[in-house]
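The values are calculated or read from the model by the stated rules, or taken from the named source; none is laboratory data. As the structure is a prediction and not an experimental result, all values here were calculated from the model. Every residue, glycine among them, receives a Cβ derived from its backbone with ideal geometry; neighbour counts consider all protein chains shown.
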Amino acid sequence: MNEISCEGVEGLVQGLEVLTGLTTLEINLKNNTVGEEGAEKLSECLEKMTGLLSLNINFGGYSQVQNKLKEAGAKKVLRSISKMKDLEVLELDLGYTGVTDICALELATSLKGLNSL
């Protein structure tokens, strides 16, 4: 655990924002304390990365160390991802983030327009 919180994500985002030509991005935030605000910061950055072909984001955790994205944070990230029309590969781990089964189904539905996946 690195104890990356919203502030850490904000720093990460500042570095990523200048890399607009990326086609592959892997972010491992597993076992940290990223919350809804951190997810929102990341989603704002992802909206600018429309040329991504491969995206891997790991928010997973375990019962004692969890990112607390909850449904609102997860939806913001997925909304950004759903705009990446050229995306061919997506790996998204939302384990132990407070996302419910109903929300997971809703999130999966939001990706239906990504025909290259």
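I'm checking my understanding of the structure. Among residues of region 1-25 that are closer than 20 Å to GLN66 by Cα and touching a Ser or Thr at 6+ places or on another chain (Cβ under 8 Å), which one is modelled with the lowest pLDDT?
Selected residue: GLU3.
Pull up region 1-30, narrow it to residues that are in a loop (DSSP other than H, G, I, E, B) and of a type in the set (Ser, Thr, Tyr), then point me to the one that is surrounded by the fewest Cβ atoms within 10 Å (Cβ to Cβ).
Result: THR20.
For VAL99, are the conditions met, namely being assigned to a loop (DSSP other than H, G, I, E, B) and out of contact with any strand residue (DSSP E or B) (no Cβ under 6 Å at 6 or more places or on another chain)?
So VAL99 passes the test.
Does VAL77 satisfy the condition of being of a type in the set (A, V, I, L, M, F, W, C), closer than 17 Å to CYS6 by Cβ and in contact with an Asp or Glu (Cβ under 9 Å, 6 or more places away or on another chain)?
yes
Answer yes or no as to whether LEU55 is among the aliphatic types (A, V, I, L, M), within 12 Å of the chain's Cα centre (by Cα) and surrounded by fewer than 18 Cβ atoms within 10 Å (Cβ to Cβ).
Considered against the rule, which asks whether it is among the aliphatic types (A, V, I, L, M), within 12 Å of the chain's Cα centre (by Cα) and surrounded by fewer than 18 Cβ atoms within 10 Å (Cβ to Cβ), LEU55 comes out as no.
When you check GLU26 against the structure, is it acidic (Asp, Glu), out of contact with any Pro (no Cβ under 8 Å at 6 or more places or on another chain) and more than 25 Å from ASN2 (Cα to Cα), yes or no?
No, not satisfied.
Is there any pair with a first residue in region 77-103 that is touching a residue at least 12 places away in the same chain (Cβ under 8 Å) and closer than 17 Å to LEU42 by Cβ and a second that is among the polar types (S, T, N, Q) and loosely packed, with under 13 Cβ neighbours inside 10 Å whose Cβ atoms are under 7 Å apart and which are 6 or more apart or on different chains, and what are they?
That search, which allows pairs on different chains as well, returns LEU87/SER116.
What tally of residues in region 31-50 results from selecting those that are aliphatic (A, V, I, L, M) and not in a loop (DSSP other than H, G, I, E, B)?
Result for region 31-50: 3.
In the set THR97, THR50, THR33, which member is of a type in the set (Ser, Thr, Tyr) and surrounded by 20 or more Cβ atoms within 10 Å (Cβ to Cβ)?
THR97
Within region 73-84, is there a residue that is of a type in the set (S, T, N, Q), surrounded by 17 or more Cβ atoms within 10 Å (Cβ to Cβ) and in a strand (DSSP E or B)?
no
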